[in-house]
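Notes follow once the structure below has been shown.
The values are calculated or read from the model by the stated rules, or taken from the named source; none is laboratory data. Every value quoted in this text rests on a predicted model; they were computed, and no experiment measured them. Cβ coordinates were reconstructed from backbone atoms using ideal geometry, including for glycine residues, and neighbour counts include every protein chain displayed. These accessible areas exclude ligands, DNA and RNA; they are computed on the full protein's heavy atoms, side chains included. Shrake-Rupley method; radii C 1.70, N 1.55, O 1.52, S 1.80 Å.
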Amino acid sequence: MGRALGTLVCFLLLLLLPTVPGSPHRLRRQPRPGGRLSGSQAADTACKNRPLDLVFIIDSSRSVRPEEFEKVKVFLSEMIDTLDVGERTTRVAVMNYASTVKVEFPLRTYFDKASMKEAISHIEPLSAGTMTGLAIQTAMDEVFTEEMGTRPANFNIPKVVIVVTDGRPQDQVQDVAASAQTAGIEIYAVGVDRADMQSLRTMASEPLDEHVFYVETYGVIEKLTSKFRETFCAANVCALGTHDCQHVCVSNGESYLCDCYEGYTLNPDKRTCSAVDMCEPGRHDCDQICVSNNGSYVCECYEGYTLNPDKKTCSAMDMCAPGRHDCEQVCLSNDGSYSCDCYEGYTLNPDKKTCSAADMCAPGRHDCEQVCLRDDLFYTCDCYQGYTLNPDKKTCS
């Protein structure tokens, strides 16, 4: 999906401008593009000529005030102005979500900017929760279909989502976003004001520094969109998406170099990257178990042990603490493990967990001379007819 980046480069590079008050900042600084182009020149190069199936998903939950939602609509309209919109170029859909999701218009509805902007001006907020995962799922199920205007896979048209939100998702967005990306959908996450940065990173495509953005207020979005016609459009290989770097493309004049994310090393082909095995002996400081994790690592412990606050060392758990064991009567802790036992008068059942009352009148368990009478966990002695129990309560005469 790297080719989609070329089409959206106007949007992405604008977010790097240091002269705009309150301008958004990336998670990682990237190389600046080489030349400055006028707005018309920009529209004629990388920004114009890359078709997309582009879906905007906008948050209209209760936390977005009416005047702020109007600024989101201005942002959408100005964003459309920077795109080469048309049936054979970039198709645009808009979705509106809160606790529910509404497809304002799919990809097949409008193929001119004026009609799109008119439709956007009539969008009303839904004013409820923030079901971002549901919105992305709806985009997969109801918008990115050929019936709704998505072009066939053999057209190789990038499928792109831009999510604009100011809150924390109230549903499980991670799995849904992963499914969308597996289906070939590239996700850009734009957070505003109170937006949760970790949630943005969870839903966005890799590399995160090119797909996650944050602005302090909706007012900043409005100021930025007014500058789209004057933005930068880079005509270098990295910006156009024609390079073959697996991770990071670094512009180098008219050429480029490939680099890797932290925790990865560049392979001898100078294009692809391999994760460094951080769990090799001597690379980590885990007490028990090291788990490699995309160029990084986390420590874990053997069963019956718990990770200490230092996230490195382990301590044996008290397996007999309430809620940790399933013994019916007695739990015996044993260095990170446990076994079950029973109170006196009970025996452990074959399941090694539950207990049953012992038969105190079983042979060998009592000292009655003639008759043993069981009484729950105790017993008493008695005699046959014609005999009487002696004062020792055991023998008979």
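When we screen C331, C327, C361 for residues that are part of a loop (DSSP other than H, G, I, E, B), within 30 Å of D287 (Cβ to Cβ), of a type in the set (A, V, I, L, M, F, W, C) and open to solvent by less than 60 Å² (accessible area, probe 1.4 Å), the only hit is C327. For segment 341-348, the count of residues that are open to solvent by 70 Å² or more (accessible area, probe 1.4 Å), farther than 26 Å from F378 by Cβ and of a type in the set (D, E) is zero.
Here is a yes/no grid of residues against (1) within 30 Å of M317 (Cβ to Cβ); (2) in contact with a Lys or Arg (Cβ under 9 Å, 6 or more places away or on another chain):
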residue: L332; (1), (2): yes, no
residue: S337; (1), (2): yes, no
residue: D341; (1), (2): yes, no
residue: Y346; (1), (2): yes, no
residue: K352; (1), (2): yes, no
residue: S356; (1), (2): yes, no
residue: M360; (1), (2): no, yes
residue: V371; (1), (2): no, no
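Figure legend. Inter-residue proximity from segment 259-272: first residues touching a residue at least 40 places away in the same chain (Cβ under 8 Å), second residues open to solvent by less than 90 Å² (accessible area, probe 1.4 Å) and assigned to a loop (DSSP other than H, G, I, E, B), beta-carbon distance below 8 Å, spacing 6+ or different chains. Indicated pairs: Y261/P207; Y261/H247; Y261/G295. Can E104 be described as at pLDDT 95 or above, out of contact with any strand residue (DSSP E or B) (no Cβ under 7 Å at 6 or more places or on another chain) and not hydrophobic (A, V, I, L, M, F, W, C)? No: the conditions fail for E104. One residue stands out in segment 264-293 among those that are of a type in the set (G, A, S) and surrounded by fewer than 17 Cβ atoms within 10 Å (Cβ to Cβ): the one that is farthest from N308 (Cα to Cα), namely S274. Select from segment 72-87 the residues that are in contact (Cβ under 8 Å) with a residue 60 or more places away in the chain and surrounded by 20 or more Cβ atoms within 10 Å (Cβ to Cβ) and list them in ascending order. Those that are in contact (Cβ under 8 Å) with a residue 60 or more places away in the chain and surrounded by 20 or more Cβ atoms within 10 Å (Cβ to Cβ): V72, F75, M79, T82, L83.
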